[in-house]
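Here is the structure we will look at, set down as structure tokens.
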Amino acid sequence: VISGGSSGIGEAAAIRIADAGGKALIVARDEEKLAEVRRTITDRGGYAKTYSCDITDYAANDKLARDILKEFGAVDILINNAGRSIRRSINLSYDRFHDFERTIQLNYFACVRLTMNLLPAMTARKSGHIVNISSIGVLTNAPRFSAYVSSKAALESFARCAAAEFHDEGVHFTIINMPLVRTPMIAPTRIYDEMPTIITPDEAA
């Protein structure tokens with residue numbers, strides 16, 4: 001299961017997973033973009049199923065997990081890739097507390113909700129892997145990204161605690177501190193257009 005799978009890292013990862021013979025279950029909000037990714041994968045001979053879902057809607061998040069488990073029984077790997085980034089300094093955010101709320105809603109709460117929805121089936125069969133796509137910003141304390149970095153730091157802390165709790169259950173957690181990737185998420189920050197160190201979605205995948 002790959003959240004945020006209709007573009008960027010999620011799309012590239014879904015294609016690679018399907019190319020390798022995996023069943024890519026792709027979650028995102030945009031049905032048209034999901035359909036495009038599904039066509040790309042099936043045209044290459046792979047398996048893809050798509051789910052249009054806003055995972056910040058807890059009822060929809062819960063239904064998504066129920067539907068997946070009903071059809072497939074369990075999930076081998078969950079990739080928490082869906083994310084929202086905001087680049088704004090704190091002194092320009094005094095009247096924008098909603099930036100912090102919206103960011104943590106998707107980057108932390110929604111990912112934790114989906115993880116907890118799928119964990120029981122993983123522990124029941126003593127096998128599973130949760131991959132959390134985080135940011136190099138958590139390691140570098142990037143200025144102007146306090147809302148984004150703090151939400152990713154929260155997800156990392158959850159994963160480290162969960163890794164200790166579920167190790168004996170055969171369920172493992174991975175954190176990827178991704179460098180800047182040239183995706184639609186960073187497109188509004190024009191300064192990144194001239195930066196040569198940004199990797200491609202394929203390299204990230």
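The values are calculated or read from the model by the stated rules, or taken from the named source; none is laboratory data. Being a predicted model, the structure only gives us computed values, none of them experimental. Ideal geometry is used to build each Cβ from the backbone, glycine not excepted, and the neighbour counts take in all protein chains shown. Surface areas here come from the heavy atoms of the whole protein model, side chains and all, with no ligands, DNA or RNA. Shrake-Rupley method; radii C 1.70, N 1.55, O 1.52, S 1.80 Å.
Would you work out which of Ile41, Ala121, Ile86 lies farthest towards the positive end of the dipole of segment 1-157, given +1 charges on the beta-carbon of Lys and Arg and -1 on that of Asp and Glu, about the Cα centre?
Ala121
Which of the peptides 61-68, 43-50 is most tightly packed, and how do the rest follow, judged by the mean count of other Cβ atoms within 10 Å per residue?
Packing order, densest peptide first, comes out as 61-68, 43-50.
Provide the per residue accessible area, probe 1.4 Å, for segment 87-150, rounded to a whole number of square angstrom.
With all protein chains present, segment 87-150 gives 53 Å² per residue.
Quick check: residue separation of Thr40 and Asp19 times 0.36 nm, minus the Cα distance between them. What number comes out in nm?
6.5 nm
Per residue of the chain, what 222 nm ellipticity follows from adding -39500 (n - 2.57) for every DSSP H run with n ≥ 4, rounded to the nearest 500?
About -13500 deg cm²/dmol.
Report for the chain the percent antiparallel among DSSP-assigned beta bridges with both residues inside it, nearest 5.
Beta bridges within the chain, antiparallel portion: roughly 0 percent.
By how many degrees, 0 to 90 and rounded to 10, does the Cα axis of helix 58-72 deviate from the longest principal axis of the chain?
Long axis of 58-72 versus the principal axis of the chain: about 30 degrees.
Apply the Debye scattering formula to the chain, with a single equal point scatterer on each alpha-carbon and no solvent, then give log10 I(q)/I(0) at q = 0.09, 0.18 Å⁻¹.
-0.34, -1.35
Note the full-extension length gain between Arg96 and Phe72 as 0.36 nm times their separation in residues minus their Cα-Cα distance, in nm to one decimal.
4.5 nm
Could you give the size of the charge dipole of segment 77-119 about its Cα centre, using +1 on the Cβ of each K and R and -1 on the Cβ of each D and E, expressed in debye and rounded to the nearest 20?
Dipole about the Cα centre, nearest 20: 100 debye.
Could you give the length gained on full extension between Lys126 and Asp202, defined as 0.36 nm per residue of separation minus the Cα-Cα distance, in nm?
So the extension gain works out to 24.2 nm.
What whole-number distance in Å separates the alpha-carbon centres of segment 132-164 and segment 6-44?
A separation of 25 Å, based on Cα centres.
Which order, highest average first, do 81-93, 16-28 follow once you tally other Cβ atoms within 10 Å for each residue and take the mean per peptide?
16-28, 81-93
On a 0 to 90 degree scale, rounded to 10, what angle separates helix 31-43 from the longest Cα axis of the chain?
Taking the Cα atoms of the chain, the angle to 31-43 is about 50 degrees.
Less than 11 Å Cβ to Cβ from Ile55, Lys/Arg counted +1 and Asp/Glu -1: what total charge do the surrounding residues give?
Charge balance near Ile55 sits at 0.
Taking the Cβ of Leu34 as the centre, find all other residues whose Cβ is under 11 Å away and add up their charges (Lys, Arg: +1; Asp, Glu: -1).
0
Give me the lysines in straight-line cross-link reach of Lys33: C-alpha distance below 28 Å, same-chain residues under 8 apart excluded.
Within the straight-line limit of under 28 Å, Lys33 reaches these lysines: Lys23, Lys49, Lys63, Lys70, Lys152.
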